[in-house]
Every structure is written in C-alpha cells, then in structure tokens.
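To keep things clear, I will list the structure first and then write my remarks on it.
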Amino acid sequence: MTFVKRKMLNLSSDQFRGVLCFVGFVVSIAIAGCAKRDKSVVALPAQSPSSHEQMLEILRDIAERTPDEHPYLGTHQVQLLRQRVANLGPSASVFDRIAAHSELGQEELHVDNIEAAIKHLTTASELFPQLPYPNETVRNRFWNRLTFSRGTAWMRLGETENCVQLYSSESCIVPIQGAGLHIRQIGSRTAIECFLEVLDRPSDEKVEQVKVHLPATWLLNIAYMTLGGYPHDVPKEHLIPPSFFQPEIDIRRFENISPKLGLDTFNLSGGAIVDDFDNDDYLDIMTSTHDSIGQTQLFRNNRDGAFTERTEEAGLLGLYGGLNMVQADYDNDGDVDVFIMRGAWLEEWGRHPNSLLRNDGGTFADVTFDAGLGKVHYPCKTAAWADYDNDGDLDLYVGNETTETCRAPAQLFRNRGNGTFEDVAAAAGLQEELFAMGATWGDYDGDRFPDLFVSNGGANRLYRNNRDGTFTDVAEEAGVTNPTASFPTWFWDFDNDGALDLYVGCSSGHVGILALNSLGADLTDIKTPTRQLQEEVEVEMMSLYRGDGRGGFMDVSREQKLTYPALPMGANFGDLNNDGYLDFYLGTGDIYYYELRPNVMFLNQAGQKFANVTTAGGFGHVQKGHGVSFADLDHDGDQDVYIQMGGAFLGDKFKDTLFENPGFDNHWITVQLVGQQSNRSAIGARIRAVIIEDGVERSVYRHVNSGGSFGCNPLRQSIGLGQATSIRKLEVYWPTTDQTQVFEDVPVNQIIRIIEGRSQYERLQLKELQF
C-alpha cells in the first residue's frame, strides 16, 4: 500500500480517485473472499486517512475548483466576457462594444493571453472615435485610461518576450542594461507610442494625474530603458531625472546567480525559507506559491556549490498553494518544521487550510489536523512563532483576514508540549477580527515575555504580554498605530543600543506616487500640494519606530531618511556588508501589471540613517517581489539575498532570484543557538557581541527569529563585526530561564554552535562553497 500511495501522487485528480475506487474494490473482494473461507474472520473498518492524506485531498479539491472559482487564477470570468463579445449583435451600442472589448482585453491579460488582450484593447480603441461624448473632460479621461491599458498590455508583451522567454541574470533589473536590454522590441516600442499619446492629453484632475499620467510617465521611461534609449531618447518634458536612479552611496554589485544554480523557479507570488532542513549544517531553500495548483518546493544544498530539488523525496508532493511560510522547531526534536499559510486575499473563497509540516530528518508530514490546527479555515498570510508563556516550547499566532464576506478572528495556538495545540486567543484577548497583514513577536519592554505586533488594514495592534496568559493592546499609547495601510513588519535592533525597534512597511502608494517622488516631490511635507494628493489616493510612508527598551517608541522614519514610497510586500533584513548594522530589502509592487517598480535595498549607516543602494548593488528588480531571505548560503561569511518572485494573476509569473554577496572585507561570526530548557530553536534569545574596532568598544546585538513577516532567514544568526579582529565577550541571554552564558575572547570568522547551559561552544567545520 505504501507503493500505491507514493505513485498515486503523480496522477491527475480523476486518475487518483479512480485508483482509490479500484483499491477499495479489491480490498472489499479480498475481505469477502476471506469471509467465505472462514466465517470467524471479522472485516475491520477501513483505516481513517492520516492528517497528511486529508490535507492532500482537500488541496486537490481546491485545485480542481480553481479554474471555475478562484478570483485571481480562475478562467470563468474571461469565458463569460468572451461570450459577451461573441453575443454582440448589430444593435449593440458603440459604448457596449467598447466596454465589452476593453473588459475582455483586461481579463485576457490576467490569464496570460497577451496577444488576445492587445487585439481586444485595440478594437476598443478603434471604436472610440464613434463614441459621442458631450463632455470633453470625460471623453479624454476614458480615452487616456483605455490607451494606458493598451500600453500596459504591450509593455507586458515586451516583458514576456524578453525577460521571460529570453531570460538572463540581468533581466528586469533597473537600470536595465547589458543582457537585460530587450532584443524583441515591438512590445516596448508600441508601449512608448501609447504612453506618449496619454501624456499628450494632460488632465487637471489630480486623481487622473496620479493614476494615469504619472504612471504613464514612469512606464515611458522604463520602456525607453529596455531599448537602451534612456535618458537620451526620452522627451525632455517627460524625463525622469537620471539622478533618481543614482545610488546615495556606492557599494559592490551583487550578481543574480539563480540561473546558474537552478534556483530560478518560475512561479507566482509566494514565500521563501532558507534554513537547514536535513541537519547537515548546510542551508537549504524552500519556496511556496499562492497558486492553488502550484507546488511547494525544496532545494537541498549539495555541499558542493550546487542545489538539487528534493520536493518528492521530502514528502511535499501535493502540498499546493501558500502565499507565505514560517519555520521553527515546534516539537523540540531538533528538526526545522514549517507552517504554510493559505487563502490570502480571497475573502470567502479563501477558507483554505493552513499546513503544519513536521520535519523528520528532511522528510515532511502534514500534521495539521492531528496537531489541532485544522478545525476551522480562514484566509491567512501571516503567522509568527514565539514562546509567549516561557514554558519552553513554541506557540503560534495566526493573523487572519476579516472582510464583509468572511469573518476570520485571529488565533493564538498554545503549544501543549505533546505535539498538539489549543486555540486560546479568546482567553488571551487576541481574538480580534482584523485584516492582518503582518505579525512579529519581540520583548520590546524588557520583561522577558515576548509581546506581539500586528500590522493591519487599519490601526495596527501592539499587544503587551501581561505575563499571565493575557495581552493588552497598547498601540495607541505607544504611538505605533500607523501606517494604517501597513504590510511587512518586524522587531529588530537597527541601532545596536540593545533595545528592540519596530519597522512597519506601508501597503499603499500607487506607482504614480513613485513617479511623483522621482520628479522631486517631497511626499512627507504636509504643506505641499502633494498632501492633497495623498488624501485622495491613500498614500502613507513606511514607519520606523525606535524603542527605548522600557515600552516607549519614537517615529524616526524621516530622521533615518526613509521617505521612499516603496509599497512593499515581501521583505526582510540582514547585514549586507558585515559592519554589524542591519540593512533591509523590500520586495515591492501590487497586483496590477503597470506596477513595474524596483525592489528596494536600504543600507544602514551605523544606525544614523539608511541609504538607498538599490541600483549600486543591482537589487532593482522590477518584477513583483515576495518572500525575502538573507543567508550565508556559501559559508564565506557574508549574507546572500534570495527573493521569491511573481505576481497574483496567471500571467504574472517570474523567476526567483539569488543575489550573491561579493564580500566587503569585514569580519563576522555565525552563531547557532540550541535551547534545552528554552525552545530548541532559541527564538526570543538575545546575542550580544562586544568588540573593539578602531580602538573603540561597541556592541552588536541580535535577537533570534527568522526576520520579517514575509520571508524567512535562517534561525542561526549571522553577525557582522566590522574590522574587529576578535570578540572580547559573547553573551547569550535566555529569557525563559533568565540566564546568560558568557564566552570571552572568541575568534572571528567562524560558525559556532552554542547549547544552552554548556560552558563551551562547538565550532562547525563547514566547507566554503564556490557558486
């Protein structure tokens, strides 16, 4: 039967059900035959399906229903619109014809029928002169939006024919140059014609400026860039100044090496985890996708500079879907387990089960139902692990999405310590109906008990841990309710003062706002006309709150030069140049095809300010970025950057990207903590490295977690040490036991393992890999 189950995973759903029926028939005949020979034999009831088998069946059913029902991936809408166009009779009005063709064109683009999309949008444009419009303003608005849509479709054709079909490591990275330039140019050239036509019909309406004209300006410049014509060929009146694409400071360039390593998986938006899944001390990569017929994938580090996909061998076949993931050793057995979140953005249709994958030496079993996590299903894209009650095992907060059509209260699963969980959200005071965008734990007030921050589609929440199993929302008094349209978030210590700070990304900011910013507008000045635009198009900036370690926060976003309208989704932090200060990378965009904007890297300058080094480092990928991981994959001491790429619609897939760190000649140490009385993952522990650099003593702090709320770093901590040649003192604080381990005169440039309570650390002898 084991053989049959393994093979069935490779069958289609109908074939799979056929095999099930056949096996059931054979078993029934066998039992009946035995009964005839010996009436004392009692037929046993059929064995209940395992938790893993239950999950596979549910996910198969969702996959089968996807074409007819999925709001983003379904084809039912395009089929209806095709029929609508086919049924247009001679008596149909010009308006109805234009509307039918333009709507069908948009939908064909969503399902990746680009030529059909262009055909219908062109037909609508050709019909437009016949449309009587007494109001010239309304007529121009309609025409500009139609022409902009046509330009976007042509732009997408250029991306598909070049960045996808002729993919190179430089594809779609701004400033586009070298192998990233388009060879097949009709898409960009025709898009330029469309965008110029829009810009030749200016509008006095502010919303139209931001939603049509400014995006057309931005895409016009990008289109010229794909042809090698930026800036010299761009009409002066529409030119985005080249200074906008100049880095604030220069750094070494990171090369995209994902094609070389076979890690350029082609998929829609999803999550990413980099960690050691098979306990060989080398870092592997796991990815997921929001595509409900898309496969979770695992790539094993071969320890020779290459990776091999081991999805089937790891037991992951059939585990479809999942916009986000987060890892932890929830059962304290020494293996890194994974929680997958599903159903995000789908409202009532998103009642998909999440998955808890128990790891057994690199092979996974879905134990969601056995563990008590599958009793109800809500749309979800964020969850976070922490030992909120300090009992030595990890608990799980799951933030869900409540909308008018779907009530989805948040959940807090307390770990019972026996492999099962109970939802205690109501008793804990966390059972709010939010539209949760991100979640992160951190002991911001220094009382040993982790607190919880939830970014929300509305006022954010900061739940202070009352140390008795309950929480109190103190976001308003702490001053961290903004931005009200937030997304990725994390606790970190960006200035190395020992106190946790809080980053909150903002999910609003149309590409038109980015264009406005590129043309020199100050989006933070409430006295400028820009503020009026903000009110009409819902624009906020990211927020960085400096913590004082006692429960207080101060917004230092502007002081830290974080005024860029990034619109992040996936995001994470790490130390690019090993100076000891944490930098961060934002995967940006929105579901719309015209949201072609670069992912953004910010370099921390000694905790005093952040510098945008996107173009200097080669990070400005304009395809939509999701799960981000900083990790030293090749054990050379610096952190590489992996990002899962792709959008929401069927036609918006892209290849994942791995940026190799070129090195910055600074020293480092990597520390893996292993809890004993504390949770084995050591989540919540604090590391302090005391170093002397240029004759001055300073401390570098790390708080153990997987990083931001959308993408996961390894739980082992990579710590940059600048030019320090030794670590005078290395401290590890364990909040569960309130104990601190101290190691003195620790050599730099090594990977070590520290086990809670032991007086000596272990040095890991790992090969430096050549990619």
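Measure out, as a whole number of angstrom, how far apart the alpha-carbon centroids of the stretch 425-473 and the stretch 151-182 sit.
43 Å
Which one, L268, A153, Y581, projects farthest toward the positive side of the charge dipole computed for the chain from Cβ point charges (K/R +1, D/E -1)?
My answer, from the dipole projection, is A153.
Only Cα pairs under 8 Å and at least 6 apart count here; give the relative contact order of the chain as a rounded whole percent.
Details: 1919 pairs, mean separation 90.7, N = 771.
Relative contact order comes out at 12 percent.
From the backbone phi of the stretch 471-486, what are the Karplus-calculated ³J(HN,Hα) couplings (6.51 cos²θ - 1.76 cosθ + 1.60, θ = phi - 60°) in whole Hz, Gly and Pro given as x?
9, 10, 6, 10, 4, 5, 5, 7, x, 10, 6, 9, x, 7, 10, 9
For volume of the Cα convex hull per residue in Å³, pick the label among (1) 353; (2) 228; (3) 179 that corresponds to the value derived from the coordinates.
Only one option fits the structure, namely (3).
With the contact rule set at Cα under 8 Å and sequence spacing of 6 or more, what percent relative contact order holds for the stretch 660-771?
Averaging sequence separation for qualifying contacts and normalising by length gives 32 percent for the stretch 660-771.
Extending each Cα 7 Å along its Cβ direction at S50 and D447, get the distance between those two points in nm, one decimal.
My value for the distance between the label points is 4.3 nm.
Points 7 angstrom from Cα along the Cβ direction at I186 and E768: gap in nanometres?
Between I186 and E768, the simple spin-label model gives 5.1 nm.
Among the aspartates and glutamates, which fall within straight-line cross-link reach of K655, defined as a Cα-Cα distance under 19 Å, with same-chain neighbours fewer than 8 residues apart omitted?
Straight-line reach from K655, under 19 Å: D112, E159, E161, E170, E255, D264, D284, D291, E309, D590, E595, D640.
For D280 and L88, calculate 0.36 nm times their separation in residues minus their Cα-Cα distance, and state this gained length in nm to one decimal. Write out the running numbers ahead of the final one.
Numbers: separation 192, 0.36 × 192 = 69.12 nm, distance 6.38 nm.
Difference between extended and current length: 62.7 nm.
In a Debye calculation with equal point scatterers on the alpha-carbon sites of the stretch 360-483 and no solvent, what is log10 I(q)/I(0) at q = 0.14, 0.15, 0.17, 0.19 Å⁻¹?
-0.60, -0.69, -0.87, -1.06
Put a dot 7 Å past each Cα toward the Cβ at Q177 and K375; how far apart are the dots in nm?
Distance between label points: 5.9 nm.
How do 566-573, 494-501 rank on mean C-beta neighbours within 10 Å, highest first?
On the way: 566-573: 28.2, 494-501: 20.0.
Listed from highest to lowest mean packing, they are 566-573, 494-501.
At 0.36 nm per residue, and after removing the present C-alpha to C-alpha distance, how many nm does the segment from R139 to A99 gain when stretched out fully? Present the calculation step by step, with values, prior to reporting the outcome.
Values: separation 40, 0.36 × 40 = 14.40 nm, distance 1.38 nm.
Gain in length upon complete extension: 13.0 nm.
Among the listed pairs K260/K624; K260/K381; K119/K653, which have their C-alpha atoms separated by more than 29 angstrom in this model? Mind showing how you got there, number by number?
On the way: K260/K624 21 Å; K260/K381 31 Å; K119/K653 22 Å.
Correct reply: K260/K381.
Alpha carbon centre of the stretch 756-771 versus the stretch 674-749: separation in Å?
Taking the Cα centre of each part, the stretch 756-771 and the stretch 674-749 sit 14 Å apart.
Readers should treat all values here as calculations from the given coordinates under stated rules, not as data from a laboratory. These numbers were taken from a predicted model, which means no experiment stands behind them. For neighbour counting, all protein chains shown are included, and Cβ atoms are generated from backbone atoms with ideal geometry for every residue, glycine included.
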